[in-house]
Amino acid sequence: MRPSIDRLLAEELRTDGAVIERTLSVAREELARHRPVRRWRTQATWVFAASAGLTAVVAGVLLVLGRTSGAFLLSRAPLLALLWATSAVCAWGALSPRGRTLEPWGVMMALASAVSLVLARGPAVEVPTLPGWVCTASHVGVALIPLVVAVAVLRGAAFRPLRALLAGLSVGTTGAFVGELACTQSWQHVLGYHLSAWAIAAAATLVVSMSLKPRSFAP
């Protein structure tokens, strides 16, 4: 069995011709495999679509079940659009090779969205029948599919903490979006239970990405 290219590159730097030839041979074999190269724009779209698509499905189901209405969705449209925009900017910034210029914007948009979620809420519309942590758990649960997509995509690039965090912020908008559709509790509830779910989704994406070996070290 031929040694892996990672092992060869990890060897002590030498000018031995045999080592150089072995390294070149393994590199040629890697190139000859013709692995599909996925554009980063496509991957960023996957991360955004996993979140936005899931929230659109949830909205449709709630409409069919009569748990929400078209008028309510229109009243929340600016805030929901802000969450989608935040998800898109964060996903784009996380996957773009030149995403460092977008990274601060993604973080700022996530902060602006979080503040808007709190400020847009008034007092509770009805007395809660379930404990507040149910919202946190459900928001994290609904973000699991986008989280898996984000982690899989992140393995195709060099790990950077801010890159993984941005992808996690994109993932976290899923639960925040669903919370705006299905929860009518007060701003204190949103601050304590909805935003904590968003933070958990972002932190989980960061931790899982950190623990997995990248398939590529692309910038």
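Figures for the structure shown
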item: Selection within the range 83-116 - surrounded by 15 or more Cβ atoms within 10 Å (Cβ to Cβ) and not in a helix (DSSP H, G or I); result: S96, L102
item: Those residues of the range 161-189 which are over 14 Å from M109 (Cα atoms) and in contact with a Cys (Cβ under 8 Å, 6 or more places away or on another chain), in sequence order; result: G179, C183, Q185, H189
item: Yes/no for V142 being in contact (Cβ under 8 Å) with a residue 12 or more places away in the chain, in contact with a Phe, Trp or Tyr (Cβ under 8 Å, 6 or more places away or on another chain) and not aromatic (F, W, Y); result: no
item: Condition met for G156 (surrounded by fewer than 21 Cβ atoms within 10 Å (Cβ to Cβ), touching a Ser or Thr at 6+ places or on another chain (Cβ under 7 Å) and of a type in the set (G, A, S)); result: yes
item: Hits in the range 45-59 - residues which are hydrophobic (A, V, I, L, M, F, W, C), free of Cβ contacts under 8 Å to residues at least 60 places away in the same chain and surrounded by 15 or more Cβ atoms within 10 Å (Cβ to Cβ); result: A49, A52
item: Residue that is most open to solvent (accessible area, probe 1.4 Å), among those in the range 175-219 that are hydroxyl-bearing (S, T, Y) and over 18 Å from L154 (Cα atoms); result: Y193
item: In the range 60-81, the residues that are open to solvent by less than 50 Å² (accessible area, probe 1.4 Å) and either touching a Leu at 6+ places or on another chain (Cβ under 7 Å) or in a helix (DSSP H, G or I) (or both); result: G60, L62, T68, G70, L73, A77, L79, L80
item: Conditions (1) open to solvent by 20 Å² or more (accessible area, probe 1.4 Å); (2) over 20 Å from A52 (Cβ atoms); number of the one not met by S138; result: (2)
item: Cβ pairs under 6 Å, 6+ apart, first in the range 167-194 and farther than 14 Å from A143 by Cβ, second open to solvent by less than 10 Å² (accessible area, probe 1.4 Å); result: V190/L117
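The values are calculated or read from the model by the stated rules, or taken from the named source; none is laboratory data. Please read all numbers here as calculations on a predicted model, not as lab measurements. When we count neighbours, we look across all protein chains shown, and the Cβ atoms used for this are built from the backbone with ideal geometry, even at glycine. Surface accessibility is based on the protein's heavy atoms, side chains included, excluding ligands, DNA and RNA. Shrake-Rupley method; radii C 1.70, N 1.55, O 1.52, S 1.80 Å.
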